[in-house]
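The values are calculated or read from the model by the stated rules, or taken from the named source; none is laboratory data. For clarity, every value in this text was computed on a predicted model and none was experimentally measured. As a convention, Cβ positions derive from the backbone with ideal geometry for all residues, glycine included, and neighbour counts pool all protein chains shown.
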DNA sequence: CTAGGGTTAG
């Protein structure tokens, strides 16, 4: 342990050599007037007092209460009782009272700290982020000849995770081997596995796991999660299948793993299996399932999972995590109203609930609601975090509120101490770009203090598409081709920008580049959600639907009625160099138009037409939908890969910023 | 004392 204690200066922690404590003698009084009490009974009384004090400490909710209880502990002569003091230190840690302010002082008064008290101090420093001090206390503990216990090491490994120090972790790992007796200790080894996993050393974790003579559910689950986090659901599933007994946590790890790897259907399948096996569901499981439903974006699943949440005792009004997850889900399923209903009914709200709701409003173009909520949040004293600001900034950019956006951006650091990350710069570039300030957006991207990422250049490229600026587009695209050489969308966007500008030579250059890279265009696809939740799929130009004939006729009728009102097909939305007749034909075969026609033919007028699209809605379709909502009086909701558009009475909620 | 968790982007 010499290496460790040399490495971490002990100057901040002085361990006074223990002398026979004077307190001790003062406390012992001979009360001859008292009747003789047998020793066993005395011991009993002491035990009663101790357990009474422990429960009093457990019930403490403020520092004042703790101090009061502590004074009582001293009065009762229990100031050397490690059992009680360990509890005291743990409560102080939990309340976030800095170790040096209180816990350390208590500790220094104790003459013979037992391993548990040492460990409580180590753990306290570790949890409060003072890893060096925590290791230093460990060194002192060893020098004083005290032997560590299992959770001394768990605390230390946790600490290594928080400071991302795998070398320190390895040193402590070595310690567990040197001291002996811990090689098959499950607490120690599970914490060790967890540390290696969290620090990205899956190989080391796997080695510890494989060498464990007996593993428990926790060891297995840790590894399942590790594979799931790497996106290797196959390996995770293999491990899961090998598990002789599976508990709720292990099942949940699989459900969430699928949800986090964008496999919502598999997640739901797993959840169904889990329920069939009679495994219980708690709020963590629900969060995974809700997130899967959010990805599916269908109201049918949204209502289904909400029912489950309510029936399983995790009512969104009382359970913050479930409520926040539901807010996000309803927003993504197209119903910002339902999301807000959940939000309103919640008894407790935190930064997640507010941020999700703000992002939900932003997604649906309700910028003012987003702003109002942001200010309400500030009034309640909940501090906004980086995610909250992303929501507020996207609300600005989706409604063209440039000035408000600038102000918010400036206030982030000044008022709220949240320094803007690359993503926030991307929002600003997006905001400026959507508002048409392309030069300024480019300038920001080139001069920002952080290294711009794909988001920054992508936002700029998108803006160039809207405003038809092939020159700036070229700059943005060149950065993107370096940062994301295989992202097909960027090539298509650039080629479309060239096409709109009539620069057909440049179009073929980009197409050639795509061919050389072996990249293929994702087929455009739209889904229509029918009244009962059935999903219909439409590909661009695909006429295999049995009602294709009717759909084509419907579109032509609409086109003629719209033309009478002055609508002109937007030819620049077609990225092929073909004649105008062909362009008109291609435009009418866009997947979202097919879905719209099918929806008009099959869904009754009292129901909104809900369409999802895998790519961004094109300008012509956007205009077309506006017109159709006017002449038919229908509500049309389109979720593209970016956000929601609510078309009603000839207008779109996005206000043409998208 | 060790395992599963919600909000973000072009």
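Just a yes or no: is a residue in segment A:538-552 modelled with pLDDT of 90 or more, farther than 28 Å from residue A:334 by Cβ and not assigned by TED's automatic domain parsing to the domain that holds residue A:486? Yes, some residue in segment A:538-552 is modelled with pLDDT of 90 or more, farther than 28 Å from residue A:334 by Cβ and not assigned by TED's automatic domain parsing to the domain that holds residue A:486.
Among the residues of segment A:127-141, those identified as touching a residue at least 60 places away in the same chain (Cβ under 8 Å) and either under 35 Å from the mean Cα position of the chain (by Cα) or surrounded by fewer than 18 Cβ atoms within 10 Å (Cβ to Cβ) (or both) are A:132, A:133, A:135, A:136, A:137, A:138.
Against the criterion of being farther than 27 Å from residue A:463 by Cβ, in contact with a helix residue (DSSP H, G or I) (Cβ under 7 Å, 6 or more places away or on another chain) and in a helix (DSSP H, G or I), residue A:514 does not qualify. In segment A:368-375 there is no residue matching the filter, namely being touching a residue at least 60 places away in the same chain (Cβ under 8 Å) and either in a helix (DSSP H, G or I) or under 24 Å from residue A:445 (Cα atoms) (or both). Across segment A:377-397, which residue is farthest from DNA strand B (Cβ to nearest atom) among those that are farther than 29 Å from residue A:656 by Cβ and touching a helix residue (DSSP H, G or I) at 6+ places or on another chain (Cβ under 6 Å)? By that ranking, first place goes to A:382.
So that you can scan it fast, the table gives a plain yes or no per residue for (1) buried (at least 16 other Cβ atoms within 10 Å of the Cβ); (2) over 21 Å from the mean Cα position of the chain (by Cα); (3) within 13 Å of DNA strand B (Cβ to nearest atom):
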{"position": "A:277", "(1), (2), (3)": "no, yes, no"}
{"position": "A:280", "(1), (2), (3)": "no, yes, yes"}
{"position": "A:284", "(1), (2), (3)": "yes, no, yes"}
{"position": "A:289", "(1), (2), (3)": "yes, no, yes"}
{"position": "A:308", "(1), (2), (3)": "yes, yes, no"}
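Exactly one residue out of A:441, A:339 is over 29 Å from residue A:636 (Cα atoms), modelled with pLDDT of 95 or more and within 13 Å of DNA strand B (Cβ to nearest atom), and it is A:441. Filtered by the rule that a residue be more than 9 Å from DNA strand B (Cβ to nearest atom), assigned to a helix (DSSP H, G or I) and buried (at least 23 other Cβ atoms within 10 Å of the Cβ), segment A:143-171 gives A:156, A:159, A:160, A:169. When segment A:471-507 is filtered for residues that are more than 28 Å from residue A:538 (Cα to Cα) and away from DNA strand B (no atom under 16 Å from the Cβ), the ones remaining, listed by number, are A:471, A:501, A:502, A:503, A:504, A:505, A:506. Within segment A:35-127, which helices (runs of 4 or more DSSP H) (wholly inside it) include 2 or more residues that are at pLDDT below 90 and more than 24 Å from residue A:153 (Cβ to Cβ)? Qualifying helices (runs of 4 or more DSSP H): A:39-58. Scanning segment A:470-490 for residues that are surrounded by fewer than 23 Cβ atoms within 10 Å (Cβ to Cβ) and more than 27 Å from the chain's Cα centre (by Cα) turns up A:470, A:471, A:472, A:474, A:475, A:478, A:479, A:481, A:482. For segment A:238-268, the tally of residues that are within 15 Å of residue A:217 (Cα to Cα) and within 15 Å of DNA strand B (Cβ to nearest atom) stands at 15. If you check residue A:344 against the conditions, is it more than 20 Å from residue A:306 (Cβ to Cβ) and in a helix (DSSP H, G or I)? No; evaluated as a whole, the condition is false for this residue. Condition (residue is more than 8 Å from DNA strand B (Cβ to nearest atom) and either touching a strand residue (DSSP E or B) at 6+ places or on another chain (Cβ under 9 Å) or without any contact (Cβ under 8 Å) to a residue 12 or more places away in the chain (or both)) applied to segment A:450-469: is it met by at least one residue? No.
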